[in-house]
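All of the numbers you see were taken from the coordinates with simple rules; none came from a lab. Owing to the predicted nature of the structure, the values given are computational and were not obtained by experimental measurement. So basically every Cβ, Gly included, is an ideal-geometry build from the backbone, and we count neighbours across all protein chains shown.
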Amino acid sequence: MKIMFVSCNDHVCVLCRSCLCPMKIMFVSCNDHMTSSENLVSHAGSCHCGNVKFTVLAPSILEVWNCNCSICTKKQNLHFIVPRSRFTLHPDSEEHLTTYTFNSGQAKHTFCKTCGVQSFYTPRSNTDGVGVMPHCIDSDTVTKVVYRKFDGQNWEQFIETSDIRSRSKE
Ligand SMILES: [Zn+2]
């Protein structure tokens, strides 16, 4: 297998040495960074009672954000982010959702009215995307989780240097 490594500001990408295409099966990770190919799989998830069900297209290796802001700390809001087009809510689930907002109101903390579980939400950092809870994925489709830190206690400063906004772009 002929490969080459290309680095940008904070990623290492694996490319085929011959044609420079991204390798479809290889992943490179370190403590803070992960780059995967766009080899997406369909993950199926739900809340605890099952009234809220969804599918989401994402890599099998999930990049999960661990934020230290006030609400993420209290509810341990680990999530991976996808463009909104890759998230499909089951048509019967909408009526079972309710939404909590605070402060800027940009983040939409959606959760199940019955069991209280938040299986997905809209992050303030990615209002054009969806933050999905990896622990609410029911399918056997997640091969690895790579954690990244989001300094939500210093949100305005952190967002300026973070690449998180690209996660909800196609
Ligand atoms: Zn529920």
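Laid out as a table, the results:
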{"read-out": "Of LYS113/LYS144; LYS113/LYS149; LYS74/LYS149, those spanning more than 19 Å from alpha-carbon to alpha-carbon", "value": "LYS113/LYS144; LYS113/LYS149"}
{"read-out": "Dipole magnitude of the stretch 40-168, debye to nearest 20 (Cβ charges: Lys/Arg +1, Asp/Glu -1, about Cα centre)", "value": "140 debye"}
{"read-out": "Sorted peptide list for 112-119, 99-106, 75-82, criterion being average Cβ within 10 angstrom, highest first", "value": "75-82, 112-119, 99-106"}
{"read-out": "Residues LYS169, LYS53, LYS149, sorted so that the one with the fewest Cβ neighbours within 10 Å comes first", "value": "LYS169, LYS149, LYS53"}
